[in-house]
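Working notes, beginning with the structure itself.
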Amino acid sequence: MDSTKRLTIRLENLQFSALRYRLVVNLEKSLAVDASLVFLESVDSTNLELARLMMTSAKPDLFAVVAAEQTAGRGRLERSWVSEPGTSISLSVLLEPTKNVEQGLVPLFVGSCVARALSTITGKDAGVKWPNDVLIDGKKICGVLSELTDQGVIAGIGINLERQQGAPDTACAVGDFASADFDGALSMVLAELRAGWSDWLSGGNDFALGLIRSTSVTVGVKVRAIMPSGEEVVGTAVSIESDGRLLIEGSETHLVSAADVWHLRN
């Protein structure tokens, strides 16, 4: 999918201070899931920080960096993706696909794992709006940005724990439905990602595609898709294909690999 792209890191970005790694929250549950987890009180971007750490030494599959505040994060199409202190989880995880893994499914798969974790945490049905948003009751609670590197895919995950200032009415947060516990939510997301990734590597792409389709809230819905070229497609999303593309049937049939997608009321 075009939502994965090559990440370029400048050499000067290697400069960072060990003081940034002060542990200021209790991560007992999360560290029990991932003992190598790196916590940052604040960072420009967890995706960039993970890429910087990868340049200093090779990192294992599922190596993760999490921050309580993100000051210069990026979403799809270079949009701003920042977070206020204590209101969200900014998490980046390195996934090292084997040659048999369909990389186009990775962003959707990560979203599906997060959706399962958030369903458990909130007691609400969470699903994935193609290609990279996790929704509850039609409102965005999480976004995913995946970027391709030489070592694998960095999956950036931003989860709303509490409502942020200026958040639109189309957003929601964990705190709207349940206790917004940083460590508890993070540990469940990490556990779902690890279990899901293990099942994918052992069960193949059919397992990943099955999970993606089961958590999709886009398939079966009338949508409007705006392509990077500006072309607009309106129709019904009928399927997510084996490479992650969205099949839309309208006046014509379109296979969409990258687009902004809106769900339309029937």
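Looking only at residues in segment 25-61 that are outside any loop (DSSP other than H, G, I, E, B) and among the charged types (D, E, K, R), the one that is farthest from L186 (Cα to Cα) is R52. Count of segment 242-258 residues, restricted to those that are in a loop (DSSP other than H, G, I, E, B), crowded, with 18+ Cβ neighbours inside 10 Å and in contact with a strand residue (DSSP E or B) (Cβ under 9 Å, 6 or more places away or on another chain), is 1. Looking at F182, is it touching a strand residue (DSSP E or B) at 6+ places or on another chain (Cβ under 7 Å) and among the aromatic types (F, W, Y)? Yes: the conditions hold for F182. Just give me the residues in segment 105-126 being surrounded by 21 or more Cβ atoms within 10 Å (Cβ to Cβ) and small (G, A, S), in sequence order. Within segment 105-126, G111, S112, A115, A117, A126 meet the criteria. Number of residues in segment 224-241 that are part of a strand (DSSP E or B) and either over 21 Å from A115 (Cα atoms) or in the same structural domain as I136 (by TED's automatic domain parsing) (or both) equals 8.
Hey, can you tell me all the residues within segment 200-219 that are surrounded by 15 or more Cβ atoms within 10 Å (Cβ to Cβ) and outside any loop (DSSP other than H, G, I, E, B)? W200, L201, N205, F207, A208, L209, L211, I212, T215, S216, listed by residue number.
Okay, residues lined up against (1) surrounded by fewer than 16 Cβ atoms within 10 Å (Cβ to Cβ); (2) over 16 Å from L105 (Cα atoms); (3) out of contact with any Leu (no Cβ under 8 Å at 6 or more places or on another chain); (4) at pLDDT 95 or above:
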| position | (1), (2), (3), (4) |
| --- | --- |
| A191 | no, yes, yes, yes |
| V221 | no, yes, no, yes |
| R224 | no, yes, no, yes |
| I240 | no, no, no, yes |
| D260 | yes, yes, no, no |
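The values are calculated or read from the model by the stated rules, or taken from the named source; none is laboratory data. For clarity, every value in this text was computed on a predicted model and none was experimentally measured. Virtual Cβ from ideal backbone geometry, glycine too; neighbours counted across all protein chains shown.
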